[in-house]
Amino acid sequence: MPPSIVRSALFVPGSRPERFAKALAAGADAVIVDFEDAVEEPLKRQAREHLAAFLKAHPHASVLVRVNAPDHAEHAADLAFCTQQAGVVGVLLPKVESAAQVAAVRKSGKPVWPIIESAKGLLSLEQIARADGVERLSFGGLDLALDLNLNTGTAAARMFLDQARMSVQLHSRGADLLPPLDGVHPAINDPDGLHRSIRHASDMGYGGALCIHPAQIPVIHAALAPSTDDLSWAQKVVDASKAANGAGAFQLDGQMVDAPVLLRAQRLLALFRA
């Protein structure tokens, strides 16, 4: 199973097998071998062959796979491949627009990470989030902006995309899913912009983001890392809770600490140890 705390999920093209080992060693919390957008149409079958050979040679390797979209000619073959490979520990489903599409992927026996990147996907969010086998949602802002004909970079587009992000997070919590992942930041050489976008997504409850280059991984992790003050506070709360012998609520430095406060402290410490 993929780790429950995923701050960074790194894409690597399925047509570039020489990059598979490098991606797994890059420090990302999850690695996604991409059979979809990063692979040219004539190389789709070859991408599966590349990954099969790699997993056979590296039996302890674990990756997720972004399969081709449900309406693509290679979709069924991608799912059959994932079903057969123990090293494939999850399936990213792009362009998802219905719970029925999730159900078809679930037959692979792998956890499903739907990517919400179209108007139809947004309108079916509740059913998609509650479909059997869904582990977490991902947000595809670039494709969604294209589908909705948004004027990318404008205040209006940012407002619309943030409302969509909010919906993804809301339905993730409503369905008791793991925290969603934000979409990729396309500018590889823009660490400041990436840091800002990750902090923004984190403030909206997102657990991390998809990424397209190893250089983005430390930026994402740094943006999500609790501050020294936050960690000190969290440890103090946890220690005080132990000293309180399981009391439902207690005072610490003049402030009440109850179950929600304790849970936040525990989450901060878990994120730091990830």
Hey, Ala47 more than 22 Å from Glu117 (Cα to Cα) and outside any helix (DSSP H, G or I) or not:
no
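For the subset of region 1-23 comprising residues that are modelled with pLDDT of 95 or more and under 27 Å from His200 (Cα atoms), which member is surrounded by the fewest Cβ atoms within 10 Å (Cβ to Cβ)? So that I can check it myself, show each step before the final result.
At the first step, the residues of region 1-23 found to be modelled with pLDDT of 95 or more are 6-23.
Next, from what is left, pick out any that are under 27 Å from His200 (Cα atoms): 6-12, 23.
Details: Val6: 25, Arg7: 26, Ser8: 24, Ala9: 26, Leu10: 25, Phe11: 22, Val12: 26, Ala23: 19.
Once the filter is applied, the top-ranked residue is Ala23.
Search region 134-160 for residues being part of a loop (DSSP other than H, G, I, E, B) and either free of Cβ contacts under 8 Å to residues at least 24 places away in the same chain or under 15 Å from the mean Cα position of the chain (by Cα) (or both), and hand back the single one that is nearest to Gly193 (Cα to Cα).
The initial filter retains those residues of region 134-160 that are part of a loop (DSSP other than H, G, I, E, B), namely 135, 140, 148-154.
From what is left, the residues that are either free of Cβ contacts under 8 Å to residues at least 24 places away in the same chain or under 15 Å from the mean Cα position of the chain (by Cα) (or both) are 135, 140, 149-154.
Numbers: Glu135: 28, Gly140: 17, Asn149: 23, Leu150: 20, Asn151: 19, Thr152: 15, Gly153: 13, Thr154: 15 Å.
Among residues in region 134-160 that are part of a loop (DSSP other than H, G, I, E, B) and either free of Cβ contacts under 8 Å to residues at least 24 places away in the same chain or under 15 Å from the mean Cα position of the chain (by Cα) (or both), the one nearest to Gly193 (Cα to Cα) is Gly153.
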Return yes when His58 is over 20 Å from Gly207 (Cα atoms), of a type outside the set (A, V, I, L, M, F, W, C) and out of contact with any helix residue (DSSP H, G or I) (no Cβ under 6 Å at 6 or more places or on another chain) and no when it is not.
yes
Listed by range, strands (runs of 3 or more DSSP E) wholly within region 161-274 having at least 1 residues that are buried (at least 19 other Cβ atoms within 10 Å of the Cβ) and of a type in the set (Asp, Glu) are 178-182
Extreme residue, farthest from Pro111 (Cα to Cα), among residues of region 39-60 that are of a type in the set (A, V, I, L, M) and crowded, with 18+ Cβ neighbours inside 10 Å
Val39
Residues within region 83-126 that are in contact (Cβ under 8 Å) with a residue 40 or more places away in the chain and assigned to a helix (DSSP H, G or I), tallied:
3
Scanning region 24-44 for residues that are in contact with a Leu (Cβ under 7 Å, 6 or more places away or on another chain) and assigned to a strand (DSSP E or B), the one farthest from Ala201 (Cα to Cα) turns out to be Val33
So in region 112-155, with the set limited to residues that are crowded, with 17+ Cβ neighbours inside 10 Å and β-branched (Val, Ile, Thr), which one is farthest from Met166 (Cα to Cα)?
Val112
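The values are calculated or read from the model by the stated rules, or taken from the named source; none is laboratory data. Given the structure is predicted, the values throughout are model-derived calculations rather than measurements. As a convention, Cβ positions derive from the backbone with ideal geometry for all residues, glycine included, and neighbour counts pool all protein chains shown.
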